[in-house]
DNA sequence: AAGTAAATAGGAATCAATACTAAATAGGAA
DNA sequence: TTCCTATTTAGTATTGATTCCTATTTACTT
């Protein structure tokens, strides 16, 4: 991933390395604020702006995914292989879900008349097992 | 839809009627700002706040859908029947896409261990025919 | 090692969305 | 029709996420 920075003409800074390390090693699809807080555990002076700029740069180059679950903050995923997401509308938890077999989702015929599809995002919304248990 | 207001204990006001009329008769999935601008064509004094409150009230009661296409504004859809969306990443156009036959998308087995799925959102992202034509 | 263009920190600005207030208005039940 | 209450307006303020600004620092080239 750090190599991908160079390949895109981006400088490999200490901050960027740590930010990348942070999103690669987690599976909980954090938002920018969370990433910043965690990176500060190692680089206390990182500015929120730097995290935003780094994350945006990575996203624009397709090196990470953005998941829009609500009207509030964006969440990010370093796993860019094809997979889907389950979102808990109660606690906000996001869990990776494998795409089943071929395509996972088939486009209707009408789609080709509308435009060129570059990627498909599938979001399963509901309530996670923890929240189901909590509400009893 | 106006009936649904009453059923939910909401008063049927002139503003609400016109806001509902506006989102029901359009297929372009407008944001709140756009809805407000259009309603002002008929009720010049509608406040943006009223449009926000009405749209939120309808959304919370499941009478309209919210579509998050980018990190910016939310867009709304009066069609709550099961269907998917195509989003043009260049111009922001959103087009309704029928769900093909059964389910459209099958969940993996793992899903039942994660939580209870209440609905599935499918977003086809790409470039619409107009934007493909423009870039030549 | 030196130069330069890019990146950073920190704070300020922006933007969408919501909240708040008061006074005016209008829906709906009696 | 009358009353009560929810709703609207207008205008301001707030919140929270994201972006912009500027002086300073740093990575990479030669």
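The values are calculated or read from the model by the stated rules, or taken from the named source; none is laboratory data. Since we're looking at a predicted model, the values are computed, not measured. Methodologically, a virtual Cβ is constructed for each residue, glycine included, from the backbone with ideal geometry; neighbour enumeration extends over all protein chains shown.
Structure notes:
- If you go through region B:60-74 and keep only what is more than 8 Å from DNA strand C (Cβ to nearest atom) and either without any contact (Cβ under 8 Å) to a residue 40 or more places away in the chain or facing chain A (nearest Cβ under 10 Å) (or both), you end up with B:60, B:62, B:65, B:66, B:67, B:68, B:69, B:70, B:71.
- Residue B:86 being within 7 Å of chain A (Cβ to nearest Cβ), crowded, with 16+ Cβ neighbours inside 10 Å and over 23 Å from residue A:126 (Cβ atoms): yes
- Check on residue A:124, surrounded by 15 or more Cβ atoms within 10 Å (Cβ to Cβ), within 11 Å of another protein chain (Cβ to nearest Cβ) and in contact with a helix residue (DSSP H, G or I) (Cβ under 7 Å, 6 or more places away or on another chain): yes
- Residue match in region B:83-106 (condition: closer than 30 Å to residue A:99 by Cβ and within 16 Å of DNA strand D (Cβ to nearest atom)): yes
- Residue match in region A:23-31 (condition: within 16 Å of DNA strand C (Cβ to nearest atom) and touching a residue at least 12 places away in the same chain (Cβ under 8 Å)): yes
- Selected residue [more than 9 Å from DNA strand D (Cβ to nearest atom) and over 10 Å from the mean Cα position of the chain (by Cα)] from A:73, A:53, A:6, A:42: A:42
- Members of region A:9-28 that are out of contact with any helix residue (DSSP H, G or I) (no Cβ under 9 Å at 6 or more places or on another chain) and within 13 Å of DNA strand D (Cβ to nearest atom): A:9, A:14
- For region A:89-118, a tally of residues being within 8 Å of chain B (Cβ to nearest Cβ) and modelled with pLDDT under 90 returns 11.
- Within region B:32-45, the residues that satisfy the criterion of being touching a residue at least 12 places away in the same chain (Cβ under 8 Å) and either away from DNA strand C (no atom under 13 Å from the Cβ) or more than 19 Å from residue B:75 (Cβ to Cβ) (or both) are B:38, B:39, B:42, B:43.
- Every test in (1) over 21 Å from residue B:124 (Cα atoms); (2) in contact with a helix residue (DSSP H, G or I) (Cβ under 6 Å, 6 or more places away or on another chain) is passed by residue A:5 save one, and that test is (2).
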